[in-house]
Structure formats: C-alpha cells, structure tokens
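See structure below.
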Amino acid sequence: MRINRILAIGALGLLVIILAYGMWLAQAPKAQRLQGQIEAREYNISSKVPGRVEQVMVRRGDQVSSGDLLFAINSPELNAKLMQAQGGRDAAQAMMQEADNGARKQQVMASKEQWLKAQAAATLAKTTYQRVEALFNEGVLARQKRDEAYTQWQAAQYTEQAAYAMYQMTEEGAREETKAAAAGNALMAEGAVNEVSAILADSQMRAPMSGEVSEVLLQRGELAPSGFPVVSIIDMQDAWAVFHVREDQLKDFKLGQQVELTIPALGEQVVFEVAHISVMGQFATWRSTESGHDFDMRTFEMELRPSQPIAGLRVGMSAMLAL
C-alpha cells in the first residue's frame, strides 16, 4: 500500500510538472520568423535592329562570359543603307579633296595663257592707238578713227585685267569657306556611315555580363522587332534576398546590419547584410497583437546581400529570418 501511495504521489507530481511546463510554453512569447526569397540581377538582351534572327548561339542553362556572342540578326535594309551612306561619304570626301587641291595644272596653264593673250592684245591695241594718235595730230585721220582706237585700247586693258584676275583665282584654288563647307559635308557623311555601322554592330549581340542563360525567347528564322528581348541572362554573383517587413518590425533592422538567414533548399545558414530598406511603404492590413487596438500597417521592402558567394543559390529560393 505504501508503495502504491508513493507511485501515485510521484505520478501526480509528474502530471503537475507537465501541466506547469505546458502553461509556461503557452504563455511564453513565440519566436517570429520572416520569409523572403532570393532575387538576382537579370539582363534582357535585345537588339535595336529589326530583322530575322540569323543564328542563336546559346541555350537555356548555358554559362556565358562577358563578351560572348549570343545571337545575330540579319537586316538587308540596313545593309543597303550602309552602302548608300558609304557612297555619300566617298562623294563628299572627293569634293573635299577637290577643294583642297584646287584647280588642275592644265586649268592654271590655260588661265595663264588667256591672260598672256589678253596682255598681248592690250599691248597691240596701245601701239595701234599711239600710231593713230600721231596720224590724227598730223591731220591725216579723222577724230572718229582716233576715238575708236582709244576705245579698243581701253577695252583690251580691261580684258587683260579680267584675264589676270581669273588666272590668280585659278592659281589660288578654292576659297577657305568652300573648303570648310566641303570638310563639313565630308564629316556629316562620315557620321552617317558611323551611325549605320553602329546600328549594324548592334545586330551582333554579345553578353554584357557573365551569368547563366535563363530564357531564349526567339529562335533562328523568327522575326525580331526592335527592342524585343531575345536572350535573358541571370547573374547569380549579383544576388540578394528580399523581405517585406511590417513597419512595427523595422526597428529591429539597420542598414549595414548583419543577420543570419536560413535557406531551406540548401540546408545552410548564411550571413547576409542589410543593404537597402525601401523609403516608401506598401499597404497591407495586419492584426494588432493587442485586442481592441487594431490599425492598418504598411510593409517595407528590405534587401539583404550575402557576405560571400553561395554555391547552388537559385532565384526564387526561400530565405527564413528569425526575429
């Protein structure tokens, strides 16, 4: 009987202890956990050149390095525009060279010969006038003949001066303004060629950063509009965790603060650093912990970046944060 009483008292004491521990657990504050997800930098590679996809060099899951060729677009219209621009450039450069070089040697020689011819004619006209003047003074010729000879002499002098001016202009070449205009036209034509060449170069799209190909949206032979992404690349070296934190929990986080996150998919705990807290809240309704004091709260987006690269990390993985 005494043993049974001892056992009963022991069982009762154990029951009291279990009930007390259960009441303590029920009243003890529960640890709060926040769930976020992993994000990473994504690049959508598109071309300014509309046309058909000529070749796609990558597939989903391929690892690419910066500068690797991803795809090429064929645009016959741009090739034709390039030919037109190159033709205009060549013509403008030829006009500029013509202005810089001035008149040809044959043109300068012909101009000089015209001046010498006019000079000889003026000398003859002067001699003729002097003879007619002498005969007029002796009374042999009429005044009309003397005036005609004088007029022919003056006209020959003016012709000589005009021929000499043409010779000087031919020898000097084009004016500085004409040279500047020709140089400007050549520069404008060169700019047109560079513009079309730059657009054509954009038809051969290369990876801007290293990463993994996440999507290939167009295949060979399909029409690619201007600006439409053909290949998407995700750079997991530039990854972060995104959490949405209630405003009453923001006091627990500061910029630069290091926290430990659990990534269930990897079974690891990794140290992250608070890199950004949104300055603008998003609306969401939460129930207050105190009955009768409910109010609407806002959530703020918070970004945390890993302190070191994480092997096997993927976009969309869950990240758990214990408060």
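The values are calculated or read from the model by the stated rules, or taken from the named source; none is laboratory data. A quick note: this is a predicted structure, and the numbers were derived from the prediction, not measured. In this analysis, Cβ positions are derived from the backbone assuming ideal geometry, glycine residues included, and neighbour counts consider all displayed protein chains.
Name the pairs: first residue in the stretch 239-266 and under 21 Å from ARG314 (Cβ atoms), second residue assigned to a loop (DSSP other than H, G, I, E, B) and β-branched (Val, Ile, Thr), Cβ to Cβ under 9 Å, at least 6 apart or on different chains?
ALA239/ILE310; ALA239/VAL315; ILE263/ILE310; LEU266/ILE310
For residues in the stretch 45-65 being of a type in the set (Val, Ile, Thr) and modelled with pLDDT under 90, which is farthest from ARG220 (Cα to Cα)?
VAL49
(1) among the acidic types (Asp, Glu); (2) farther than 27 Å from ALA80 by Cα; (3) under 60 Å from the mean Cα position of the chain (by Cα): which one isn't true of GLU222, the others all being true?
Among (1) among the acidic types (Asp, Glu); (2) farther than 27 Å from ALA80 by Cα; (3) under 60 Å from the mean Cα position of the chain (by Cα), GLU222 violates only (2).
Scanning for something out of contact with any strand residue (DSSP E or B) (no Cβ under 8 Å at 6 or more places or on another chain) and in contact (Cβ under 8 Å) with a residue 24 or more places away in the chain, does the stretch 128-139 turn up at least one residue? Explain how you work it out, then say what you get.
First, the residues of the stretch 128-139 that are out of contact with any strand residue (DSSP E or B) (no Cβ under 8 Å at 6 or more places or on another chain): 128-139.
After this cut, where a residue has to be in contact (Cβ under 8 Å) with a residue 24 or more places away in the chain as well, the list is 128-129.
Yes - at least one qualifying residue is present in the stretch 128-139.
Going through the stretch 155-167 one residue at a time, which ones are at pLDDT below 85 and loosely packed, with under 14 Cβ neighbours inside 10 Å?
Of everything in the stretch 155-167, just one residue is at pLDDT below 85 and loosely packed, with under 14 Cβ neighbours inside 10 Å, namely ALA165.
Kindly list, by first and then second residue, each pair from a residue in the stretch 104-118 that is under 11 Å from GLU171 (Cα atoms) to a residue that is among the acidic types (Asp, Glu) and assigned to a helix (DSSP H, G or I), limited to pairs with Cβ atoms under 6 Å and residues at least 6 apart or on different chains.
Between residues of the stretch 104-118 that are under 11 Å from GLU171 (Cα atoms) and residues that are among the acidic types (Asp, Glu) and assigned to a helix (DSSP H, G or I), the close pairs are VAL108/GLU171.
Which one of these is modelled with pLDDT of 80 or more and surrounded by 15 or more Cβ atoms within 10 Å (Cβ to Cβ): VAL216, VAL196? Reasoning before the result, please.
Values: VAL196 fails: modelled with pLDDT of 80 or more.
VAL216 is the lone residue from the list that is modelled with pLDDT of 80 or more and surrounded by 15 or more Cβ atoms within 10 Å (Cβ to Cβ).
If I go through the stretch 194-217 residue by residue, how many of them are in contact (Cβ under 8 Å) with a residue 60 or more places away in the chain and under 23 Å from ALA40 (Cβ atoms)?
Filtering the stretch 194-217 for residues in contact (Cβ under 8 Å) with a residue 60 or more places away in the chain gives 195-197, 199-200, 202-216.
Keeping just the survivors that are under 23 Å from ALA40 (Cβ atoms) gives 205-216.
So the count comes out to 12.
Being part of a helix (DSSP H, G or I), over 60 Å from the mean Cα position of the chain (by Cα) and in contact (Cβ under 8 Å) with a residue 24 or more places away in the chain is the requirement here; does ALA125 meet it? Break it down stepwise before answering.
On the way: part of a helix (DSSP H, G or I): yes; over 60 Å from the mean Cα position of the chain (by Cα): yes; in contact (Cβ under 8 Å) with a residue 24 or more places away in the chain: yes.
Against the criterion (part of a helix (DSSP H, G or I), over 60 Å from the mean Cα position of the chain (by Cα) and in contact (Cβ under 8 Å) with a residue 24 or more places away in the chain), ALA125 qualifies.
Taking ALA224 as meeting all but one of (1) surrounded by 12 or more Cβ atoms within 10 Å (Cβ to Cβ); (2) out of contact with any strand residue (DSSP E or B) (no Cβ under 7 Å at 6 or more places or on another chain), write down the number of the exception.
(2)
Name the one entry in THR170, THR151, THR178 that is of a type outside the set (Gly, Ala, Ser), farther than 22 Å from ILE73 by Cα and at pLDDT 85 or above. Explain how you work it out, then say what you get.
Values: THR170 fails: at pLDDT 85 or above; THR178 fails: at pLDDT 85 or above.
So the residue among THR170, THR151, THR178 that is of a type outside the set (Gly, Ala, Ser), farther than 22 Å from ILE73 by Cα and at pLDDT 85 or above is THR151.
Select from the stretch 66-84 the residues that are part of a helix (DSSP H, G or I) and modelled with pLDDT of 80 or more and list them in ascending order.
In the first step, residues of the stretch 66-84 are kept if they are part of a helix (DSSP H, G or I); the result is 76-84.
Answer for the stretch 66-84, where residues must be part of a helix (DSSP H, G or I) and modelled with pLDDT of 80 or more: MET83, GLN84.
Would you confirm whether or not the stretch 14-36 contains a residue that is in a strand (DSSP E or B), surrounded by 10 or more Cβ atoms within 10 Å (Cβ to Cβ) and modelled with pLDDT under 85?
Looking for residues that are in a strand (DSSP E or B), surrounded by 10 or more Cβ atoms within 10 Å (Cβ to Cβ) and modelled with pLDDT under 85, one finds at least one in the stretch 14-36, hence yes.
Among the residues of the stretch 229-249, how many are surrounded by 18 or more Cβ atoms within 10 Å (Cβ to Cβ) and more than 10 Å from TYR43 (Cβ to Cβ)?
So in the stretch 229-249, the residues surrounded by 18 or more Cβ atoms within 10 Å (Cβ to Cβ) come out as 230-234, 236, 239-241, 243, 245.
Imposing the further condition that a residue be more than 10 Å from TYR43 (Cβ to Cβ) reduces the set to 230, 236, 239-241, 243, 245.
Result for the stretch 229-249: 7.
Within the stretch 207-259, track down each residue that is part of a loop (DSSP other than H, G, I, E, B) and hydroxyl-bearing (Ser, Thr, Tyr). Spell out how you get there, then give the answer.
The first filter runs over the stretch 207-259 and keeps only residues part of a loop (DSSP other than H, G, I, E, B), leaving 207-210, 217-222, 225-228, 253-257.
Listed by number, the residues that qualify are SER210, SER226.
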